[in-house]
Amino acid sequence: MTIIDGRQIAADIRQELKTEVEHILKAGGRPPCLAVVIVGHNPASETYVRNKIKACQQVGFRAKKISFEADVKQEEVIKAIEQLNEDSSVDGFIVQLPLPEHLNETHIMQAINYKKDVDGLHPMNVGKTALGMPSVVSATPKGIRELLSRYNIQTEGKSVVIIGRSNIVGKPMAMLLMQKPYLSLPKMASQTLGDATVTLCHSKTRNLRQICLGADIIIVAAGQPNLLKQDMVKEGAVVIDVGINRIEDNSQEKGYRLVGDVDFENVAPKCSYITPVPGGVGPMTIASLLQNTMQVYKTNNRI
Ligand code: GUN
């Protein structure tokens with residue numbers, strides 16, 4: 001059993017990007033710039049945003065943070081997005097989710113110019129991904145694809161079960177893994193990522209255990225601790241745990257610890273590969289966001 005080291009792969013990606021930025025600067029170019037819009041003071045969101053900005057600085061990107069109080073009016077957020085759409089010094093930006101209840105997430109996400117949508121959540125990017133066209137792919141599925149690729153885990157002809165149908169993870173993950181790989185990854189045609197037989201499960205799925213037992217690869221993104229148990233996994237399966245759940249733990253300085261959606265201790269011995277929480281998929285999401293920022297920087301500047 002191999003524990004997939006997302007921290008190491010994310011560090012490798014940051015190093016690759018740092019080298020790329022150095023080459024751009026040497027050639028007289030300017031560094032890529034990512035802006036992050038955050039509304040309110042959700043503690044998890046504040047941590048993510050801090051980490052995203054820190055990661056930008058590590059690789060030599062510029063970073064801008066635009067903060068609003070939780071009671072901000074929708075028009076003000078849209079105005080800030082329109083300014084970012086026009087700002088030629090900003091290559092890409094994201095609006096950190098979740099947003100406070102009174103804001104319309106769909107309208108806000110659609111106000112983003114899709115060419116600057118480094119989250120890959122705009123309908124244009126989602127649609128392109130669905131069609132197998134070159135697109136910006138949302139950070140978590142992109143990071144998982146990268147982990148599978150760098151650990152040489154083939155997906156061609158494999159049975160993949162995804163648990164969770166979110167727009168951020170489950171749906172785009174299913175689209176990527178079912179695709180003909182040469183459409184989405186022209187430079188990596190030797191790696192057969194895609195061409196899988198994908199089953200997308202969710203809270204209403206019946207016989208989840210039976211479905212999972214048939215899977216070569218299980219990707220769990222349901223936000224439910226211990227959802228995937230030992231008796232749901234066949235010997236030699238690959239398990240990717242996307243869950244990040246805060247569990248109260250007074251022995252920890254912060255008063256909580258992070259666990260995934262997988263009963264890791266009991267599931268891991270049956271697996272060929274498994275991602276831990278923390279240190280698996282989590283660090284990859286920020287690395288993917290940086291890769292997306294570099295991608296749009298190059299596309300929009302014709303590099
Ligand atoms: N909140 C949790 N994950 C994400 C993400 O990938 N993008 C944004 N914008 N917000 C998030």
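Details
- Within the range 221-272, the set of residues being within 18 Å of residue 203 (Cα to Cα) and among the small types (Gly, Ala, Ser) comprises 221, 222, 223, 243, 260.
- Looking only at the range 255-268, and only at residues there that are over 18 Å from the mean Cα position of the chain (by Cα) and assigned to a loop (DSSP other than H, G, I, E, B), the one that is farthest from the ligand (Cβ to nearest atom): 263
- Subset of the range 43-60 [in contact (Cβ under 8 Å) with a residue 40 or more places away in the chain, of a type in the set (Val, Ile, Thr) and within 16 Å of the ligand (Cβ to nearest atom)]: 49
- Scanning the range 269-303 for residues that are crowded, with 20+ Cβ neighbours inside 10 Å, more than 16 Å from the ligand (Cβ to nearest atom) and in a helix (DSSP H, G or I) yields a count of 2.
- Residue 287 vs. criteria over 19 Å from residue 50 (Cα atoms) and either touching a residue at least 60 places away in the same chain (Cβ under 8 Å) or among the aliphatic types (A, V, I, L, M) (or both): no
- Subset tally (residues that are touching a Pro at 6+ places or on another chain (Cβ under 7 Å) and aliphatic (A, V, I, L, M)) for the range 52-92: 1
- Test result for residue 233, among the β-branched types (Val, Ile, Thr) and more than 22 Å from residue 166 (Cα to Cα): yes
- Matching strands (runs of 3 or more DSSP E) fully within the range 61-178 where at least 1 residues are crowded, with 22+ Cβ neighbours inside 10 Å and away from the ligand (no atom under 14 Å from the Cβ): 159-163
- Qualifying residue in the range 210-223 (condition: over 24 Å from residue 8 (Cβ atoms) and modelled with pLDDT under 95): no
The values are calculated or read from the model by the stated rules, or taken from the named source; none is laboratory data. Keep in mind the model is a prediction, meaning the values are calculated, not measured. Positions of Cβ are backbone-derived with ideal geometry, glycine not excepted, and every protein chain shown enters the neighbour counts.
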